[in-house]
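Let me begin by presenting the structure, written as structure tokens, before commenting on it.
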Amino acid sequence: MSTEQETLLAALKYAEQMEIDGKAFYLKMSQASINRRGRELFKMLADEEDVHREDFRKIYHSVSNGQDIPKHDFDPEDEHKMRTLFSQAIEELEQDIKAPAGEVEAIDTAIQMEQGGIDFYREQAARAKFTNVRRFYSDLAHEEDRHKATLEDYRRYVVDPEGWLVNKTRPSLGACLLPHAEGSVSELEW
């Protein structure tokens with residue numbers, strides 16, 4: 001077994017443990033959240049951790065048997081599900097949604113956990129010798145970055161629901177510049 005394979009296997013074991021820990025944390029947050037949106041979001045993130053963990057197991061098995069990394073497609077539909085969760089919140093903005101400090105601190109912890117995953121995967125990608133391994137780690141970093149962005153959006157939602165709503169519903173510069181574009185200026189690629 002090559003050093004690259006051994007490094008990848010060790011990283012996969014570590015990544016699998018991160019997913020196990022992440023799922024436990026998100027399930028705990030889902031049960032403790034004071035609002036329905038939080039419970040749904042944290043449950044969805046916990047479910048995604050299971051999917052990632054299963055992917056890691058398949059890849060670990062393939063690599064440990066001397067095979068290539070199997071094709072892995074992270075489902076862009078998951079991002080749509082999270083956006084839909086917040087789109088529904090716009091329509092049904094709950095009154096008095098502001099979360100207690102404990103929930104905001106837990107969201108901050110979750111954001112830090114996702115950032116830790118991003119940093120880990122980017123570091124692994126930078127050290128990888130093979131293109132398919134670099135791409136795999138880059139995909140994982142992107143997936144964790146998407147989770148982090150969703151959590152940051154949720155944090156804004158619970159800290160300042162009115163401000164969040166205004167930001168999500170006001171016309172944006174991007175919409176003025178690109179009449180057929182959807183989303184906000186921050187989502188546009190310039």
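The values are calculated or read from the model by the stated rules, or taken from the named source; none is laboratory data. For clarity, every value in this text was computed on a predicted model and none was experimentally measured. FYI the Cβ positions are ideal-geometry reconstructions off the backbone, even for glycines, and counts take in every protein chain you see.
Here is the figure for segment 107-140: residues that are surrounded by 19 or more Cβ atoms within 10 Å (Cβ to Cβ), in a helix (DSSP H, G or I) and of a type in the set (Gly, Ala, Ser) total 2. Among the residues of segment 84-96, at least one is in contact with a helix residue (DSSP H, G or I) (Cβ under 8 Å, 6 or more places away or on another chain), assigned to a loop (DSSP other than H, G, I, E, B) and at pLDDT below 55.
Each row is one residue, and each column tells you yes or no for (1) surrounded by 18 or more Cβ atoms within 10 Å (Cβ to Cβ); (2) modelled with pLDDT of 85 or more.
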| site | (1), (2) |
| --- | --- |
| Lys13 | no, yes |
| Met18 | yes, yes |
| Ala24 | no, yes |
| Val63 | yes, no |
| Asp68 | no, no |
| His72 | no, no |
| His80 | no, no |
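Within segment 46-67, residues that are farther than 30 Å from Ile111 by Cα and in contact (Cβ under 8 Å) with a residue 12 or more places away in the chain sit with their Cβ atoms under 7 Å from residues that are surrounded by 20 or more Cβ atoms within 10 Å (Cβ to Cβ) and not polar (S, T, N, Q), at 6+ positions apart or across chains, in these pairs: Val63/Leu8. Within segment 33-56, identify whether any single residue is more than 27 Å from Thr7 (Cα to Cα) and β-branched (Val, Ile, Thr), and answer yes or no. Scanning segment 33-56 turns up at least one residue that is more than 27 Å from Thr7 (Cα to Cα) and β-branched (Val, Ile, Thr).
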